[in-house]
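One structure is given here, and the rest of the page talks about it.
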Amino acid sequence: MNVNNVMSNKKIIAIYVLPALLLILALIYVPILLTGYYGLMKWDGIGKMDFIGLANYTSLIKDPKFWGSAYHSFLLALFSAISLIGYLLVSIILAGKIRGADLFRKIYLIPMLLASVAIAQLWLKIYHPTNGILNNLLTSMGVENTPEWLADPKIALYAIFIPIIWQYAGFYILIYYAALKNIPESLIEAAKIDGASAWQIAVKIKLPLIMNVIKITIVLAVVGSLKYFDLIYVMTDGGPNGSSEVMASYMYHQAFRGFDFGYGSAIGFFLLIICLVVTWVITKLTASKEDVNY
Amino acid sequence: MNKKAHTLLLVLMLAVFSILTGCSSSEETSGNTKKTIKFMHLWPAGSSKQQNKIVTDIIKQYETDHKDIKVEVEVLDNEQYKNKIKVLSSSNELPDVGFTWAAGYLEPFVKGELFAPLDDVLDGGLKESFVAGTTEAFAIKGKTYGLPLELNIAPIYYNKSIFAKYNLEVPETYEEFQTIVKTLAAKGVAPIALGNKDRWTGSLWYMYLADRIGGSEVLTKAIDRTGSFEDPALKTAAEEIQKLVDEKGFIKGFNGLSNDEGKSEFMNEKAAMYLMGSWELPNFTTNEEIAQEFKDNIGYFKFPVVEGGKGDINSWVGGPGVGMFVSENSKVKDDAKDFVKFFVEKWGEQSVTNAGVIPATKVDTAKVDLPKLYIDVLTDLNNASNLTLFADVQMNASVAETHLNLIQSLFGKEVTPDDYVKQHEEALSKE
């Protein structure tokens, strides 16, 4: 049989697409709807469910702890988005044919290969109040009251931001690097002949050409931050006293620690809506009339 | 040709698989004359070798005594176990016999009528063999739903050589205790190891202070709502905690350290004292991975009495760990109950000598050969005037969350003792 024949027959296409479609529906979309549905229940996860309408959602909107955790999540999103600028700079330098670019690329990528829990353990050691590398360094520099990084509610959240941002650096640098490498060499050479400086080439030629990729990474970074969970859970568990709680960890605590699966589901569903809205806003904000093409 | 070979291979494989699966299912049905008790526990051979061995031995013994019964075992890790039990119970597929925790954890299962009352098992002498107060922790509205296997109390372990170095004596009053804390802190030695990221660790300290100041009932009554959390004793206890924090009584950064990280400060002899359950005893006696020199250095004392307080030095914070339940919907309920009874009795005979786990059944210290620290703890247990169950276990899950978070804030001085008791009272009265 000819491939073209197969591809022109709509029924056959449908049959080929169906298994994957069913899997996605059953494993992703149905559970999402179910989560929204459980959010309407008072349910401890074991006994029977009682329908309570929108009560979970209304108390969620009035819950200061939820909004506190949402604030932390958005703060993380902001930091991740800002750090994209740094990644972009690094990848422009890396893509600029410097010596050892390959080695640096690998160095930046390594954190991504580590499991989140391993990263958490590593940074727990670094942040340890008495034996940690960081505080030992500070002590040797003569600092007397070394900070209690993860125990001080004022700095715990920011102390975790650092490993989170470090963790994903390689991922974004790799994306930018690949995009930059895709720019035709002839364009850059033409610009050089016309006397453009390295700065002008970066801002006027490279950036516009990879704008689409940048937009995607902004969405990825922001939405990824909003639903972030791993390092927070392992490193501080949202503590001390909720000072590093984010939306996803709050959902987990309500559902699995407080045995309130109805409320947990409501938070989960709300989180999904927030992510959808944010994605929509970002695409609207960054939408340009036409893509740059040289 | 090639294609045909592939198809053939596929068909063959399918055939083999169906035969294999067919075999295994027919094997199960062939033993139809035997009754099967499904039993789930949480001591895998890897991480809890000794416990696992005892369980296996007891099951073997039971099966030889009862030829018509087969015990089918499923073993999971602690956390996985907790999750699986929840999943199974929501689909009504609980094993016939399994493990549960006391009080607050038990409640939803009992409400959902998933566990069978075990009072008929306890009647006829078995109840008397339990240490007083242990089966009660598994009772809800007068019926007992679990038979406890473990029992723990929480003493304060201390490092004898650090104490000797600074001429310190084991304290009997809280005042003496505070002098020790101040002396050590002044010398730059961390007095108390604490990992309060886990929060229940700090709760132990608060519970003891509440007990020593207000007597053994005040906290329990506040929780079961026959009393109030705004009792002055409970507020004074909160104030004492913050005083201890101000005196630099706890290791640096304790609110960000897990219990294991906190414990390692004590194990490294950097901190002088550590309040923890008697489940740590193997680390100070029999554990071969820990230097003998260190183990010989460790003693324990009872939480000192507060002068003018109503507390008694023989009152302990502690309680039963896991207990066994029988599923209400089990098809072999009577056999399951019989098995549980057998298990609890045998477990009591072996657990402390073979695994270092103190059983909830009484142990005759004269008959067992144990390290001195064990004998002391067992003797103290027999002389205990009261046993207060861990506060977060007494409470239901959502109140326990509030309590634990407040404990962390109290230790971190983010909440005043006033607000601390007020917010407890609010959370408790809402339930």
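Read the figures in this text as sums done on the coordinates, not as results from a lab. Computed from a predicted structure; not experimentally measured. Please note: Cβ atoms are built from the backbone with ideal geometry, for glycine as well, and neighbour counts cover all protein chains shown.
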Within 10 Å of each candidate Cβ there may be at most 14 other Cβ atoms; applying that plus a DSSP loop requirement, which trypsin sites (Lys or Arg not before Pro) in the stretch A:205-294 survive?
A:289
Furthest towards positive pole of dipole, A:85, A:246, A:180, structure part the stretch A:64-286, Cβ charges
A:180
For the stretch A:64-286, averaging the sequence separation of alpha carbon pairs under 8 Å that lie six or more residues apart and dividing by its residue count, the contact order in percent is 29 percent
For the stretch A:64-286, the dipole about the Cα centre with charges only on Cβ (Lys and Arg +1, Asp and Glu -1), to the nearest 20 debye, works out at 600 debye
Can you list the residues of the stretch B:395-431 with backbone N under 15 Å from a point 7 Å past the Cα of residue A:62, pointing along Cα to Cβ?
B:430
Take the Cβ-Cβ distance between residue A:166 and residue A:140 as r, set R0 to 22 Å, and report the resulting FRET efficiency rounded to the nearest 0.05.
0.45
Quick calc, residue B:230 & residue A:21: beta-carbon distance into FRET formula, R0 56 Å, rounding 0.05, result 0.40
Please report the antiparallel percentage of DSSP beta bridges with both residues in the protein assembly as shown, rounded to the nearest 5.
60 percent
With a ≥ b ≥ c taken as the square roots of the eigenvalues of the C-alpha gyration tensor of chain B, please select rounded if a/c is under 1.5 and otherwise prolate if a/b is larger than b/c or oblate if it is not?
prolate
Top positive-direction residue, dipole computed over chain B with Cβ charges, set B:87, B:171, B:103
B:87
What order, most packed first, do the peptides A:93-103, A:123-133 have when packing is the mean number of other Cβ atoms within 10 Å of each residue?
A:123-133, A:93-103
From fewest to most C-beta neighbours within 10 Å, the residues B:88, A:137, B:381 line up as A:137, B:88, B:381
Evaluate the charge dipole of chain B about its Cα centre and quote only its size in Debye, nearest 20, assuming +1 on the Cβ of each Lys and Arg and -1 on the Cβ of each Asp and Glu.
1120 debye
Taking 2.2 N^0.38 Å as the expected size of a compact globular protein, what ratio does the Cα radius of gyration of the stretch A:154-199 give against it, to two decimals?
1.89
For the residue pair residue B:314 and residue B:368, what label-to-label distance in nm results when each label sits 7 Å from Cα along the Cα-to-beta-carbon direction?
2.0 nm
Average beta carbon contacts from partner chains per residue of B:245-252, 10 Å cutoff
1
Using helices alone, what [θ] at 222 nm do you get for chain A, with -39,500 (n - 2.57) per DSSP H run of 4 or more residues, divided over all residues and rounded to the nearest 500?
-21000 deg cm²/dmol
Among B:303, B:250, which comes first, then next, by fewest other beta-carbon atoms within 10 Å?
B:303, B:250
What is the order of A:21, B:106, fewest Cβ neighbours within 10 Å to most?
A:21, B:106
Using Cα pairs under 8 angstrom and six or more residues apart, how large is the relative contact order of chain B, in percent?
25 percent
For the stretch B:282-321, which GluC sites (Glu not before Pro) pass both filters: DSSP loop (anything but H, G, I, E, B) and at most 12 other C-beta atoms within 10 Å?
B:288, B:289, B:307
So for R0 = 45 Å, FRET eff. of residue A:215-residue A:257 from the Cβ-Cβ r, to 0.05, ends up at 0.75
What list of whole percents do you get for P(r) of the protein assembly as shown, with Cα-Cα distances grouped in 20 Å bins up to the one holding the largest distance?
14, 40, 33, 12, 1, 0
Per-residue ³J(HN,Hα) for the stretch A:209-223, Karplus 6.51 cos²θ - 1.76 cosθ + 1.60, θ = phi - 60°, Hz, x for Gly and Pro
6, 9, 4, 4, 5, 4, 4, 4, 5, 4, 4, 4, 5, 5, 5
Cα gyration tensor, the stretch B:285-431 - rounded (a/c under 1.5), prolate or oblate
oblate
Beta bridge orientation in chain B: antiparallel %, DSSP, nearest 5:
55 percent
Distance in nm between residue A:28 and residue A:99 label points, each 7 Å along Cα→Cβ, equals 4.7 nm
Before rounding to the nearest 500, sum -39500 (n - 2.57) across all DSSP H runs of length at least 4 in chain B and divide by the residue total; then give [θ] at 222 nm in deg cm²/dmol.
-15000 deg cm²/dmol
Can you compute the modelled spin-label distance between residue A:82 and residue B:160, with each label point 7 Å from Cα toward Cβ, in nm?
5.6 nm
Compactness summary of the stretch B:327-384: radius of gyration and Dmax from Cα atoms, Å, are 14.8, 45
Provide the gained length on full extension for the span residue B:87 to residue B:111, in nm with one decimal, where the gain is 0.36 nm per separating residue minus the Cα-Cα distance.
7.0 nm
For the stretch B:136-222, the Rg and Dmax computed from alpha carbons only, in angstrom:
17.3, 53
The alpha-carbon pair-distance distribution computed for chain A, with 10 angstrom bins and whole-percent values, is 6, 20, 24, 24, 18, 7, 2, 0
Where a ≥ b ≥ c are root eigenvalues of the Cα gyration tensor, a/c under 1.5 meaning rounded, otherwise prolate if a/b exceeds b/c and oblate otherwise, the stretch A:128-279 counts as oblate
How shielded is B:254-264 by partner chains, expressed as the average number of their Cβ atoms within 10 Å of its Cβ atoms?
5
If one takes the longest principal axis of the Cα atoms in chain B, at what angle in degrees, from 0 to 90 and to the nearest 10, does the Cα axis of helix B:372-382 lie?
90 degrees
Test of the criteria: in the stretch A:101-210, which GluC sites (Glu not before Pro) are in a DSSP loop and have at most 12 other Cβ atoms within 10 angstrom of their Cβ?
A:144
Given that compact globular proteins tend to follow 2.2 N^0.38 Å, what is the ratio of the alpha-carbon Rg of the stretch B:359-431 to that value?
1.64
